[in-house]
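Notes to accompany the following structure.
Nothing in this text is a laboratory measurement; each read-out follows from the coordinates by a stated rule. Given the structure is predicted, the values throughout are model-derived calculations rather than measurements. Note that each Cβ is placed from the backbone with ideal geometry, even for glycine, and that neighbours are counted across all protein chains shown.
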Amino acid sequence: MTLTFAAIFVVLWIGQMLLVYRQSQRYMRAVATLRAVGDTATGRHRKTGLRTFVSIAVVDGAVADARVLSGFTVFASPKPQPALIGARIDDLIAGPVDGVTPRVAAAATHAAELYRGQISTAARKRRSRARASHPRSLASAS
């Protein structure tokens, strides 16, 4: 009896892992379509037993496209979120956008904050590369 229970448990566990893998692949394909549109960032909101992920594609400081993954089960799939399209990054950080649930708004705010962090990190890297390619000793020698 316990061997049968253990076998059933293992089979269900492996099945669940396969379903999670398939869900993550579907979500990554959705994010790949966003990367073709512009710079991307993915934010999350976590509540007991429920997670919400929002991926945004940003062009010229505004959301050009967005996908939301939210649900209780591994059968949840990413869906377009038209209410976020056109929203400025600063507006997402400042507060929730009309037409979305509080969970989606929190995840979108997180994505916008991460996007802003990516932009500032990229700017710092560009400045440090520019300084490295133009050392002061060469500038003062001429």
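For the chain, the mean residue ellipticity at 222 nm estimated from helices alone is -19000 deg cm²/dmol, where every DSSP H run of n ≥ 4 contributes -39500 (n - 2.57) and the total is divided by all residues, rounded to the nearest 500. Residues in segment 110-122 carry Karplus couplings, in order, of 4, 4, 5, 5, 5, 4, 4, x, 5, 5, 5, 5, 5 Hz; the curve used is 6.51 cos²θ - 1.76 cosθ + 1.60 with θ = phi - 60°, and Gly or Pro positions show x. Other residues whose C-beta falls under 12 angstrom from the C-beta of D90 contribute a net charge of 0, scoring Lys and Arg +1 and Asp and Glu -1.
Using a simple spin-label model with pseudo-atoms 7 Å out from Cα toward Cβ, M1 and W13 lie 2.2 nm apart. Of the residues M17, M1, the one with the fewest other Cβ atoms within 10 Å heads the list, and the complete ranking is M1, M17.
Is there a quick way to get the dipole size of the chain? I mean about its Cα centre, with the Cβ of Lys and Arg at +1 and of Asp and Glu at -1; what is the value in debye to the nearest 20?
Working: 20 positive and 7 negative charges, 118 e Å.
The calculation lands at about 560 debye.
Each Lys or Arg adds one and each Asp or Glu takes one away; over the other residues whose Cβ falls under 12 Å from the Cβ of V63, this sums to -3.
Most exposed first by the Cβ proxy, i.e. fewest other Cβ within 10 Å, how do S133, S128, S77 rank? Mind showing how you got there, number by number?
Working: S133 7, S128 10, S77 14.
The most exposed by this proxy come first: S133, S128, S77.
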